[in-house]
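Please treat every number below as a calculation from the coordinates, not as lab data. Remember, predicted model here, so these are calculated numbers, not experimental data. Cβ placement follows ideal geometry from the backbone for every residue including glycine, while neighbour counts extend to all protein chains displayed.
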Amino acid sequence: MSAERFIDFVYDEAWMLDQGRFAEWIELWEPDAVYWMPLNWNQQDPINETSLLYEDNFMLRLRVERLQGARTFSQKPKSRCHHVLNRPRVEELREDGAKIVTQCHYVETRLDEQMLLALTIRHDLKVVDGQIRIAGKRVDILNCDAAFGNIQLLP
Amino acid sequence: MEEQTLRDTVNRVIRPEQVHRDVYTSAEIFRLEMKHLFPNCWVYVGHESQTAKPGDYITAQIGDQPLLQVRHTDGEIKVLYNRCPHKGTKIVIDKAGNTGKFFRCPYHAWSFKTDGCLLAIPLKKGYEGTGLEGTEAAKGLAPVGAWHNYRGFIFARLAKDGIGFEEFFGEALSSLDNMVDRSPVGRLTVVGAPLRYMHRCNWKMLVENQTDTCHPMVAHESSAGTAVKIWETMEKPADAPKPPAMEIIAPFMSPYEFFENMGIRTWPNGHGHTGVHHSIHSDYSAVPGYYDAMVEAYGEERAQAILGENRHNTVYFPNIMIKGPIQQLRNFIPLGPDKTLVESWIFRLEGAPDELVARTAMYNRMINAPTSMVGHDDLEMYERAQEGLMADGLEWVNIQRLYEEGEDFSEEAVLNGTTERQMRNQFDAWKRFMIGGAA
């Protein structure tokens with residue numbers, strides 16, 4: 001599969017999140033894939049020290065389902081998000097997958113508050129039955145060690 | 001005069017079963033807390049494993065006071081004000097580091113031994129005959145009033161005089177003991193960086209929430225309730241093991257009866273804990289090899305007694321909470337009447353399997369992170385309360401659940417797990433330590 005197809009996938013995924021199409025988004029994931037957001041700059045170990053997120057399919061489904069819940073008080077009213085991506089860099093290209101790294105500015109807003117995060121996103125992508133799927137995603141926040149208020153959507 | 005005004009202020013805002021909203025919203029009360037309450041109490045500074053070697057230091061704070069904890073050349077830990085006695089510059093500003101044999105102020109190069117004593121001043125002849133030796137500047141970095149290392153946990157009292165460490169905590173230390181005893185070698189080590197979560201609310205709301213057992217099934221229905229629902233409707237074999245997320249989050253949905261029966265214990269001076277008989281941590285699956293290591297270290301009977309304690313949240317007044325069964329400490333750091341920084345730390349049980357650290361780290365990120373689905377709803381409630389409290393006409397906050405007239409907080413008590421007695425206990429201590437800690 002061409003590099004452009006993988007690059008387009010990364011843009012499309014961000015577009016899906018910005019449109020709030022979370023139910024479709026969760027279907028992009030391989031069942032055993034994990035979404036990791038480290039707490040420390042250059043953190044190596046996601047398991048034996050604290051991370052911001054390290055979520056398997058069950059947790060991601062819970063997260064997405066919760067966003068739509070009738071008693072999800074922190075989402076009444078709902079948040080919105082916005083990703084501005086630098087052109088994704090293809091770090092590794094194989095017939096059946098690719099590793100992509102993307103710089104991104106992420107904005108999340110709710111009520112009168114708006115927050116800006118600078119992100120480095122690493123996608124591990126895999127081709128399954130002709131479709132590109134997410135086999136893993138790591139999101140590093142530039143100021144990961146700063147004190148944040150709520151980050152409620154998916155950077 | 002000042003003291004009478006302070007007494008009047010404190011008496012005006014605290015009633016046995018309700019507190020005035022000013023304790024959460026008033027800048028003046030916050031100023032008084034920084035000036036009186038925090039200096040009079042024993043407050044958590046840091047863990048000894050953060051300053052393991054001579055010259056290791058961390059920056060910390062008690063109330064609004066900048067401090068540093070440092071391991072002196074002789075191996076002892078010191079707690080000093082983080083302020084150059086010359087012009088006021090903070091001596092160190094990174095979270096942790098090693099300063100070698102001495103601190104050197106980056107402004108004018110005054111240097112200090114790691115116990116704070118003045119070591120050298122460049123061009124010292126400029127002070128000859130000026131009487132510098134009689135000033136506080138010549139004494140070096142000032143120590144706080146007192147500090148104590150309790151099984152690795154460093155607490156300090158800013159005030160020179162006041163209540164002793166043992167008297168302040170008393171039997172409440174049994175929760176810290178239990179957390180440390182869960183290590184087969186009786187030693188904990190801080191693991192990784194803490195979660196840092198900013199809350200636009202008063203610090204006391206967070207402390208009160210630690211023993212608020214009537215909110216989980218309501219505020220956390222969206223996370224815990226949804227987790228249970230997804231699990232029940234998932235296609236899976238009948239004996240499929242619960243995912244770890246279920247083990248940690250689902251117990252938040254336990255019914256009122258569960259929380260009533262788990263019990264609350266209060267100790268004098270504002271300390272207390274939930275989970276006397278059982279808790280949301282009781283049914284975690286066993287980690288292979290751990291029980292055997294504990295029996296080897298303590299013998300069967302003692303090992304069972306240690307692991308049989310499943311205390312939920314222990315509040316150490318004024319502003320930390322620990323969870324013994326999952327080796328966690330949360331520090332509720334006051335930054336303003338409506339601003340609190342929450343740091344959530346985790347510990348490794350030395351001599352125990354790594355799986356325990358993995359579970360602790362998982363709990364921390366699932367429940368206490370700024371990205372946590374559980375944390376989101378808690379913060380939402382605190383911030384709504386902080387704003388709602390500005391409503392005039394209703395000026396009191398109710399803490400009356402299972403209130404009994406004439407409650408005596410100088411006695412330890414074990415009660416129904418949904419009582420708000422621990423909140424009343426905290427305000428009883430608040431009132432006393434605001435005016436010096438006298439009974």
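Could you work out the mean count of beta carbons from other protein chains within 10 Å of each residue's beta carbon in A:60-66? Write out the running numbers ahead of the final one.
Numbers: counts 0, 4, 14, 4, 1, 6, 11.
Across the residues of A:60-66, the mean count of other-chain Cβ atoms within 10 Å is 6.
Residues in segment A:100-109 carry Karplus couplings, in order, of 10, 10, 9, 8, 8, 9, 10, 10, 10, 9 Hz; the curve used is 6.51 cos²θ - 1.76 cosθ + 1.60 with θ = phi - 60°, and Gly or Pro positions show x. Exceeding 32 Å between C-alpha atoms, which entries from my cross-link table qualify? They are B:95/B:339; B:35/B:323; B:101/B:204. Checking Cα-Cα distances, B:101/B:204 exceed 32 Å.
Along the positive direction of the dipole of segment B:194-434 (beta-carbon charges: Lys, Arg +1; Asp, Glu -1; about the Cα centre), which of B:352, B:290, B:218 reaches farthest? With unit charges placed on the Cβ atoms, the residue in question is B:352.
Rounded to the nearest 500, the helix-only mean residue ellipticity at 222 nm of chain A stands at -6000 deg cm²/dmol, with each DSSP H run of n ≥ 4 adding -39,500 (n - 2.57).
How many Cβ atoms of partner chains, on average, are near each residue of A:35-44 if near means within 10 Å of its Cβ? Display every interim value, and only then the final one.
Numbers: counts 0, 0, 3, 1, 11, 2, 1, 0, 2, 0.
Counting other chains' Cβ atoms within 10 Å and averaging over A:35-44 gives 2.
Just how many % of Cα pairs in segment B:157-264 lie over 22 Å apart, if you round to the nearest whole percent? Within segment B:157-264, distances greater than 22 Å cover 62 percent of Cα pairs.
In units of the rule-of-thumb radius 2.2 N^0.38 Å, segment B:20-91 shows an alpha carbon radius of gyration of 1.36.
Going by C-beta contacts inside 10 Å, put B:41, B:214, A:81 in order with the fewest on the left.
The most exposed by this proxy come first: B:214, A:81, B:41.
Taking the beta-carbon count within 10 Å as an exposure proxy, list B:383, B:407 from fewest neighbours to most. Mind showing how you got there, number by number?
Details: B:383 19, B:407 15.
Least crowded to most crowded, the residues run B:407, B:383.
List B:316, B:403 from most exposed to least, where exposure is judged by having the fewest other Cβ atoms within 10 Å.
Ascending number of Cβ neighbours within 10 Å: B:403, B:316.
A Cβ-based charge dipole, computed about the Cα centre of chain B with Lys and Arg at +1 and Asp and Glu at -1, lands at about 2040 debye. Working from Cα pairs under 8 Å separated by at least six residues, relative contact order for chain B is 21 percent.
Could you state the orientation-averaged shadow area of the convex hull built on the Cα atoms of the protein assembly as shown, in nm² to one decimal? Please report the intermediate quantities before stating the final value.
Values: hull surface 126.6 nm².
Approximately 31.6 nm², given one-decimal rounding.
Computed log10 I(q)/I(0) for chain A at 0.09, 0.11, 0.14, 0.21 Å⁻¹: -0.28, -0.43, -0.71, -1.60, from the Debye equation with unit scatterers placed on every C-alpha and solvent omitted. The dipole here belongs to segment A:76-123: it is taken about the Cα centre, uses +1 on the Cβ of Lys and Arg and -1 on the Cβ of Asp and Glu, and is about 160 debye. Built from the Cα atoms of segment B:268-332, the convex hull projects on average onto 5.3 nm², one quarter of its surface area. All distinct Cα pairs of segment A:38-108 go into the 1/r average, and the inverse of that average, the Kirkwood radius, is 15.6 Å.
Rounded to whole Å and sorted largest first, what semi-axes of the equivalent ellipsoid does the C-alpha gyration tensor of chain B yield via the square root of 5 times each eigenvalue?
Numbers: eigenvalues 296, 164, 79 Å².
One finds semi-axes of 38, 29, 20 Å for chain B.
The calculated P(r) of segment B:44-150, using every Cα pair and 10 Å bins from 0, goes 15, 49, 27, 8, 1 in percent. Each Cα pair under 8 Å and six or more residues apart adds its sequence gap; the mean of these over the residue count of segment B:57-151 is a relative contact order of 25 percent. Across the options A:16, A:37, A:102, the greatest Cα extent toward the positive end of the charge dipole of chain A (unit charges at beta carbon of Lys, Arg, Asp, Glu) belongs to A:16.
Note down the magnitude of the dipole of the protein assembly as shown about its Cα centre, charges +1 on Lys and Arg C-beta and -1 on Asp and Glu C-beta and zero elsewhere, to the nearest 20 debye.
Around 1920 debye, computed over the protein assembly as shown.
Relative intensity of segment B:194-434 on a log10 scale, I(q)/I(0) at q = 0.14 Å⁻¹, equals -1.01, per a Debye sum over C-alpha point scatterers of equal strength in the absence of solvent. Of the residues B:93, B:366, B:129, the one whose Cα sits farthest towards the positive end of the charge dipole of the protein assembly as shown is B:129 (charges of +1 on Lys and Arg Cβ, -1 on Asp and Glu Cβ, taken about the Cα centre). Once the convex hull of all Cα atoms in segment A:101-155 is built, its volume per residue stands at 97 Å³.
3J(HN,Hα) along segment B:40-46, derived from phi through the Karplus expression 6.51 cos²θ - 1.76 cosθ + 1.60 where θ = phi - 60°, amounts to 7, 9, 8, 10, 5, 10, x Hz, with x in place of Gly and Pro. From the Kirkwood radius over Cα pairs of segment A:1-92, Stokes-Einstein at 20 °C and 1.002 mPa s returns a whole-number translational diffusion coefficient of 139 µm²/s. More than 12 angstrom separation, counting every C-alpha pair in segment A:71-122; what % is that? Counting pairs separated by more than 12 Å, the tail of P(r) holds 70 percent.
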